[in-house]
Amino acid sequence: MATESEPLLSRAHGSEYPPGSLSCRGVQVGPAATARHDLCIDQAVVFIEDAIQYRSIYHRMDASSMWLYRLYYSRACQRALGFAIFLILALAFLETPSSFTRTSDVRYRSPPWQPPCGLTESLEALCLLVFLADVSVKCYLVGRAQFQKNLWLLAYLVVLIVSFVDWSVSLSLSCQEPLRVRRLLRPFFLLQNSSMMKKTLKCIQWSLPQMASVGLLLTLHLCVFTMFGMLLFTVGEKDEVQDKERLAYFRNLPEALTSLLVLLTTANNPDVMIPAYSKNRAYAIFFIVFTLIGSLFLMNLLTAIIYNQFRGYLMKSLQTSLLRRRLGTRAAYEVLSFVARQAGDTPEAVGVKPQDLLQVLQKAELGSSHRQAIMEKVHAYDGRPLLAVEFQKLFDEVDKSVIREHPPRPQYQSPFLQTAQFLFSHSYFEYLGNLVALGNLVTICVFLVLDADLLPRDRDDFVLGILNYVFILYYLLELLLKVFALGPRGYLSYPSNVFDGLLTIVLLVLEISTLAVYRFPHPGWKPEMLGLLSLWDMTRLVNMFIVFRFLRIIPNMKPTAMVASTIVVLVQNLRAFGGILLVVYYVFAIVGISLFQGTIVAPPGNSSLGPANSSAPCGSFEQLEYWANNFDDFAAALITLWNVMVVNNWQVFLDAYRRHAGPWSKVYFVLWWLVSSVIWVNLFLALLLENFFHWWDKQPVAEMQETTYQMSVELMFRDTLEEPKEEELMERLRRHPHLQLCR
């Protein structure tokens, strides 16, 4: 057998390959050489796919492992994993206590349907088995050494073990156990499956010391002013009656601390100040100074600190993505250049042969347009080997989305039809349609104002019904004229036309249904309800679709279109942060159900609440009829947490649960306020500003490229990112546990 050259890719020291696995060695003749050549091609394919998807390349590279790796990251497997995560999180709505009731109001809520024991547990077992397969595949692919160092994988395994144990306990107790620990662990499955969420958590961890310093200042601020308030509003010897301020807000130390904590969010301002201010105007100074220092200075200082910590978060994330892209493409380059050397090329012909790269591109999971663009550039080299820099720049095409050209318009021979086509495809015709839509919206607003104080049976829908018919007929005419001018395919090639046309068809169907059921409108048109919807319900539904259709103006207004496109990009970039909020909501909702389920009970006289409400203190939970805000099921808990996060009237929740569940319930709600309103909202604001400033500054660049292609966020900021140095890339490749380089 021919002497083998020094291996480029082979089994690293300490790594474990299955018997008979192939490594990329320099065998120049025979079937073994062909097999190993194919293995090297497959390795390059995997590296390219890792680079395109910004995945880590630190995994096994033998033939069977790569087959498993590509199967794991296939669209079907990833969708199955995503569905399993969704399903196990959604089980909280179905499990006892079930959320399947029409309302969460304890006065009107009917007994919910409770699933039989074993139904949700069976679905949960299927999900856990999927996760067990997921962690097993990941552990095998990264190898034992990497698995032992990866805290996320270790935690994944521990969470699965605890979940299976708790699941077994649940079945042994016939699903009657008071607490299910595994419910609290379910959000972990969402966290571990998102690299962006892990990065965001790491950034939050970096920000915690600075946030803790401001939190300490806030705590000191609250404590000092609480003691001042207790001393200031105490009952003196000469006071004939009890101090109203002390009786209402400073009765004792916990009440005083709670009152000022709520004032920090301005939720009880000026209520907390009025009793003392009515007695002596000088007392207002105490509350104004407290609000200035706490709300306007310390809280905004917290926002500034968090923004400073997260400034550059987007760029750091993009820099990491760029490093993974370059590392994956460089690994593929090294593999293919080794293949070229082993094929007998002269040492001077350093680089990657185009035919090898074309073979890799044919096998890689890549969009057809991107594959075609890269292949065209490869063919431009006329068979010359590609250098590392040239090879790297080829894959910048992946960040470009070619704008699909609109189909050619129909060709009409008649001069009259040509003129009509020109008129109805002109932008002024679009402006006319927007003006008509605005007129339709104005008429709806006028009738809403005129009929605001009338009951549905007293309204005359004749005029509005006639106007809606006229406007919808115009919308249909506009749709047909655009199809005539642009052609069916050309009309559908514009997203705004698809949106407009779909709503026009829906409106037309609704109007035809109204005509079929309630006949043509006439003065005094008040027919009896027929079918599923009354005439008033049909009219409301039509008007809602008309209002929604008015959003068609957004693409036609350049400043509005820029803001809208920026918002879309912001939503995409903040998905990981939204996922963390979902995790926090999920955990607090499960804890809230465990602590407060059944705490809020229906008042006496459930069918007639007038006496109960009149006897309740003004501004209390009972008087405001907040009965739907409870923790009796998962959906109700989420809404209750949302209402507390907004902090409007959140003191009502503090007081109600203090009375019904005990004073320690305040700890739960204050912790939720700290996590959601203080930390999360400020983090969201910091990330929003960071993303908005960077994206808005890059808008002119995107507009310059609009005629040829659309750029991804990574490519748009490529000129501001630092390119990884070759030494850094090669050093990282040398540290690959399953990859060995010899240059």
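The values are calculated or read from the model by the stated rules, or taken from the named source; none is laboratory data. Not measured: the values here are computed from a predicted model. Positions of Cβ are backbone-derived with ideal geometry, glycine not excepted, and every protein chain shown enters the neighbour counts. When the accessible area is computed, the model is the full protein with side chains, heavy atoms only, and any ligands, DNA or RNA have been set aside. Shrake-Rupley method; radii C 1.70, N 1.55, O 1.52, S 1.80 Å.
Would you mind getting the accessible area per residue of the range 453-493, heavy atoms of the protein chains only, 1.4 Å probe, in Å²? Walk me through the intermediate numbers first.
Details: 2160 Å² over 41 residues.
In whole numbers, the range 453-493 has 53 Å² accessible per residue.
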- Task: For the pairs Lys138/Lys199; Lys400/Lys482; Lys149/Lys393; Lys363/Lys393, note any where the Cα-Cα span goes beyond 25 Å.
- Result: Lys400/Lys482; Lys149/Lys393
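Direction-averaged shadow area of the convex hull around the Cα atoms of the range 371-457, nm²?
On the way: hull surface 56.8 nm².
Averaged projected area of the range 371-457's Cα convex hull equals 14.2 nm².
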- Spin-label point model (7 Å from Cα, Cβ direction): what's the Ile512 to Phe86 distance in nm? 3.2 nm
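Considering only protein heavy atoms and a 1.4 Å probe, what is the carbon-and-sulfur percentage of the accessible area of the range 387-446?
Roughly 66 percent, rounded to a whole number.
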- For the pair Thr103 and Cys445, how long in nm is the line joining their label points, each one 7 Å along Cα→Cβ? 3.3 nm
- Query: What's the FRET efficiency of Phe550 with Ser56 using the Cβ-Cβ distance as r and R₀ = 45 Å, to the nearest 0.05?
  - Reply: 0.45
- Solvent exposure, largest accessible area first (probe 1.4 Å, DNA, RNA and ligands not counted), of Val675, Val398: Val675, Val398
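With a 1.4 Å probe and all protein chains kept in place, how do Phe100, Phe250 rank by accessible area, largest first? Kindly include the intermediate steps, with their values, before the conclusion.
On the way: Phe100 130, Phe250 0 Å².
Final ranking, largest accessible area leading: Phe100, Phe250.
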- Taking R0 as 30 Å and r as the Cβ-Cβ distance between Cys117 and Val158, the FRET efficiency 1/(1 + (r/R0)^6), rounded to the nearest 0.05, comes to 0.65
- If the chain between Leu455 and Arg251 were fully stretched, how many nm would it gain, using 0.36 nm times the residue separation less the Cα-Cα distance? 68.7 nm
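Hey, can you rank 323-333, 207-217 by average C-beta count inside 10 Å, highest first? If you can, show how the numbers build up before the last one.
Working: 323-333: 23.0, 207-217: 14.5.
By packing density, highest mean first, the sequence is 323-333, 207-217.
Taking the solvent-accessible surface of protein heavy atoms with a 1.4 Å probe, what is the per residue accessible area of the range 612-669 in Å²?
42 Å²
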- Task: Please list Arg341, Arg70, Arg186 in order of solvent-accessible area, largest first, computed with a 1.4 Å probe with all protein chains present.
- Result: Arg341, Arg70, Arg186
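Please report the carbon-and-sulfur percent of the accessible area for the range 164-220; probe 1.4 Å, protein heavy atoms only, DNA, RNA and ligands left out.
Numbers: 2130 of 3040 Å².
The value for the range 164-220 is 70 percent carbon and sulfur by accessible area.
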- Query: How far is it, in nm, from the label point at Val646 to the one at Val667 when both lie 7 Å from their Cα along the line to the Cβ?
  - Reply: 2.9 nm
- Task: Determine the shape class of the range 161-219: with a ≥ b ≥ c the square roots of the Cα gyration tensor eigenvalues, call it rounded for a/c under 1.5, and otherwise prolate if a/b is greater than b/c, oblate otherwise.
- Result: oblate
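Applying 1/(1 + (r/R0)^6) with R0 = 41 Å to the Cβ-Cβ distance of Leu492 and Val137, what FRET efficiency is obtained, to the nearest 0.05? It would help to have the intermediate numbers written out before the result.
On the way: r = 42 Å, r/R0 = 1.01.
Taking R0 as 41 Å, the efficiency between Leu492 and Val137 is 0.50.
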